[in-house]
Ligand SMILES: Cc1cc2nc3c(=O)[nH]c(=O)nc-3n(C[C@H](O)[C@H](O)[C@H](O)COP(=O)(O)OP(=O)(O)OC[C@H]3O[C@@H](n4cnc5c(N)ncnc54)[C@H](O)[C@@H]3O)c2cc1C
């Protein structure tokens, strides 16, 4: 028996995120691996095999099975693995993060404890301009002089508001109300526990370029942290998830492609780079839908 955290994360420090934040993998379920297993992928494959009532019999490799499950959105086996993280992030990042409802969360209480004077400020080269294409995104860099001026102003404002917070507390105001003065770039922290199926949903949305850069930093760090724990799953996720390297075609796009292909002289059906017969058959089905004659 080996402990996955000992095996993979001995001495693992917090992964720094933004200027004062971090994400730390606290625990994994299953934490203890049976002899001969080197990752938690085994728990996913093992759960999936109960579908066939064959228990421990390995009719195909864990890798093939996990890739099949991922392609076919057979998702419950991925819920057999759970992760617990300790995370520290600005409140505006926490607000986006908390929208993911399937996690268990325990956050620092600003009623019980004082908030610390840690406020997020972006790096000078990361003060961004508003995107003209996507109304909720940023895409450029503010000129350096202006960016510096705004950062200086923000820093001064953060110091002033924290001083006011301290004054309110000294004057006897309740912590739960004094915090009203603090801006939403102040840091908070929480413990966050989630199963792998829902974590992958979170990561797909929050690693995506449409997500705000400040939350992407955390999502990217989590991908790095969990990959050694479930390497086969992460490989399959990267290959088959439409927000990673796969593409889902809409009905309209399929029709457009069919029209295009029908105007060519018998274009050869493209082959996928896989020796897996089942996967090849699945592609052949899609290729036929796209108008290739196979
Ligand atoms: C780029 C981006 C921009 C966004 N912009 C906005 C915005 O402008 N305004 C805004 O309010 N939000 C915004 N959001 C948040 C978004 O709308 C979702 O609330 C968030 O991404 C959580 O997604 P989810 O509900 O799928 O995830 P989770 O809450 O983690 O749920 C996972 C899955 O569980 C199921 N589920 C969970 N709870 C329920 C339920 N009560 N009923 C039915 N099914 C459930 C659903 O299948 C869901 O997909 C944005 C998100 C992203 C990634």
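What to note about this one:
- Counting only helices (runs of 4 or more DSSP H) that fall entirely inside the range 78-179 and contain at least 3 residues that are away from the ligand (no atom under 16 Å from the Cβ), the qualifying elements are 144-170, 175-178.
- Lone qualifier among 191, 162 - being surrounded by 15 or more Cβ atoms within 10 Å (Cβ to Cβ) and farther than 22 Å from residue 122 by Cα: 191
- Residue match in the range 239-252 (condition: within 30 Å of residue 22 (Cα to Cα), in contact with a helix residue (DSSP H, G or I) (Cβ under 6 Å, 6 or more places away or on another chain) and not in a loop (DSSP other than H, G, I, E, B)): yes
- Subset tally (residues that are closer than 22 Å to residue 20 by Cβ and either in contact with a helix residue (DSSP H, G or I) (Cβ under 6 Å, 6 or more places away or on another chain) or touching a residue at least 60 places away in the same chain (Cβ under 8 Å) (or both)) for the range 124-147: 6
- Test: residue in the range 34-52 that is under 26 Å from residue 184 (Cβ atoms), in contact with a helix residue (DSSP H, G or I) (Cβ under 7 Å, 6 or more places away or on another chain) and in a helix (DSSP H, G or I): no
- Residues located in the range 53-77, provided they are at pLDDT 90 or above and in a loop (DSSP other than H, G, I, E, B): 61, 72, 73, 74, 75
- Applying the criterion of being more than 7 Å from the ligand (Cβ to nearest atom) and under 30 Å from residue 140 (Cβ atoms) to the residues of the range 195-213, the residue that is nearest to the chain's Cα centre (by Cα) is 203.
- Taking each residue of the range 187-204 that is in a helix (DSSP H, G or I) and looking for partners that are within 13 Å of the ligand (Cβ to nearest atom) and at pLDDT below 95 with beta-carbon atoms closer than 7 Å, six or more apart or interchain, yields 204/243.
- Subset tally (residues that are surrounded by 19 or more Cβ atoms within 10 Å (Cβ to Cβ) and assigned to a loop (DSSP other than H, G, I, E, B)) for the range 11-33: 1
- Failed item, numbered, when residue 282 is tested on (1) within 16 Å of the ligand (Cβ to nearest atom); (2) surrounded by fewer than 17 Cβ atoms within 10 Å (Cβ to Cβ): (1)
- Any hit, the range 271-280, residues being under 30 Å from residue 81 (Cα atoms), free of Cβ contacts under 8 Å to residues at least 24 places away in the same chain and part of a helix (DSSP H, G or I): yes
The values are calculated or read from the model by the stated rules, or taken from the named source; none is laboratory data. Computed from a predicted structure; not experimentally measured. Note that each Cβ is placed from the backbone with ideal geometry, even for glycine, and that neighbours are counted across all protein chains shown.
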